[in-house]
Structures are given as C-alpha cells and as structure tokens.
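Visitor: This is the structure I have questions about; it appears just below.
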Amino acid sequence: EMIGILVIAHDSLPESLVRTVTHVLGARPPLFDAMSVAARDDPLDLVPAARKRVARLDGGNGVLIVSDIYGASPCNLAVKLLDPPRVEGVTGVSLPMLIRALTYRDKDMGTLVTKAISGARDGALHLEPLHATSRG
C-alpha cells in the first residue's frame, strides 16, 4: 500500500520533475502524476480536472499534493483539493523532496508529510570546495 503523489506547479516544472525522478529511480513510480498550471490559467477552472487526478492517484491510502511556491496559483489550486487526513499538501517542491517522499510513501500520511519537508530542507546545502586548502 502506498500514498499517491501529485505534483502541481508552474509551466513545465511538474512534467520535468516527473521525468527527472523517473531518470533518477530508473522507472516511473506508480501513483505519481503531474499537473501544470500556466500563467493564463484560473486555478478555479482547473479544480474539476485536478480532483479527477487526485481520485485516480488514491489507491486507498490517500494522496500527497506537492506544489512549488506558497501563495502562487498552483499552490492555491492544491489548497482547494485538500481533504485532511486523506489528501494533504506541502509546498516548496524539489527533487530531494520528491525522492524522499517516494521513499516513505508506504508509511502513514503524517510521516510522509514530515519526510517530504525534511527532504527538501536537508537537500538545501551550502556547497564547500572539495580541496579548500589547495587553491592554486
């Protein structure tokens, strides 16, 4: 049993994230889909189609919706789909977040939400040079 995951974000980002996750993991994960919101879209118009996607992704354990920027149109659409604890949402989507979420989606929703957020946070690091002492 696993929780479905729906990425709702701007322009081509959702499809790019799905393609990249598929590349990194070697196969497209099941119950994993993307929905794009274009600049011209009214989030309200997208609610019925988005609800259908959520229903398709719900294999019995609910769906986590991940969005890109808090307060932006894709996030506002995601908020309209929330139905806790069955359909939950997080924002700030990144590749580290998605990889972590896909790793923990066999757990309960509360754990998945926590792991998705920590995945994004832990994936944001200040890079240090490998050989700081040997600059030429």
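The values are calculated or read from the model by the stated rules, or taken from the named source; none is laboratory data. This one's a predicted model, so the numbers in the text were calculated from it and none came from an experiment. Every residue, glycine as well, gets a Cβ built from its backbone with ideal geometry; the counts of neighbours run over all protein chains shown. Heavy atoms of the whole protein, side chains included, go into the accessibility calculation; ligands, DNA and RNA do not. Shrake-Rupley method; radii C 1.70, N 1.55, O 1.52, S 1.80 Å.
Visitor: Find out how many positive minus negative residues lie around Ser12, taking Lys and Arg as positive, Asp and Glu as negative, among other residues whose Cβ is under 13 Å from that of Ser12.
Guide: Numbers: positive: Arg19; negative: Asp11, Glu15, Asp68.
That works out to -2.
Visitor: Can you give the Rg to Rh ratio of the range 67-107, both from alpha-carbon atoms, with Rh computed by the Kirkwood formula? Don't skip to the answer; put the middle values down first.
Guide: Working: Rg = 11.0 Å, Rh = 11.0 Å.
Rounded to two decimals, Rg/Rh equals 1.00.
Visitor: For the chain, what proportion of DSSP beta bridges, expressed in % and rounded to the nearest 5, is antiparallel?
Guide: Antiparallel bridges make up about 5 percent of those DSSP assigns within the chain.
Visitor: Quick one: pull the percent of accessible area on the chain belonging to carbon and sulfur, 1.4 Å probe, ligands and nucleic acids left out. Display every interim value, and only then the final one.
Guide: Working: 4280 of 7710 Å².
It is 56 percent, rounded to a whole number.
Visitor: Per DSSP H run of at least 4 residues, take -39500 (n - 2.57); add these up for the chain, divide by its residues and hand me the 222 nm value, nearest 500 deg cm²/dmol.
Guide: Working: 5 runs with 61 residues, N = 136.
Using -39500 (n - 2.57) per qualifying helix, the result is -14000 deg cm²/dmol.
Visitor: Rounded to the nearest whole Å², what accessible area per residue is found for the chain with the 1.4 Å probe? Numbers along the way, then the final one.
Guide: Values: 7710 Å² over 136 residues.
Using a 1.4 Å probe on heavy atoms only, each residue of the chain averages 57 Å².
Visitor: For the range 86-126, count the residues as N, evaluate 2.2 N^0.38 Å, and divide the Cα radius of gyration by that value, please.
Guide: Details: Rg = 9.7 Å, N = 41, 2.2 N^0.38 = 9.0 Å.
Scaled against compact globular proteins, the figure is 1.07.
Visitor: May I pose another question? Considering only Ala50, Ser16, Gly89, whose Cα is most displaced toward the positive end of the charge dipole of the chain, charges sitting on Cβ of Lys, Arg (+1) and Asp, Glu (-1)?
Guide: Projecting each Cα onto the dipole axis, the largest value belongs to Ser16.
Visitor: Still on this structure, please answer the following. Roughly how tilted is helix 13-25, in degrees to the nearest 10 and between 0 and 90, from the longest Cα axis of the chain?
Guide: That helix lies at roughly 60 degrees to the long axis.
Visitor: Let me ask you something else. Just from the alpha-carbon atoms, what are the Rg and Dmax of the chain in angstroms?
Guide: Computed over the Cα atoms of the chain, radius of gyration and Dmax are 16.1, 60 Å.
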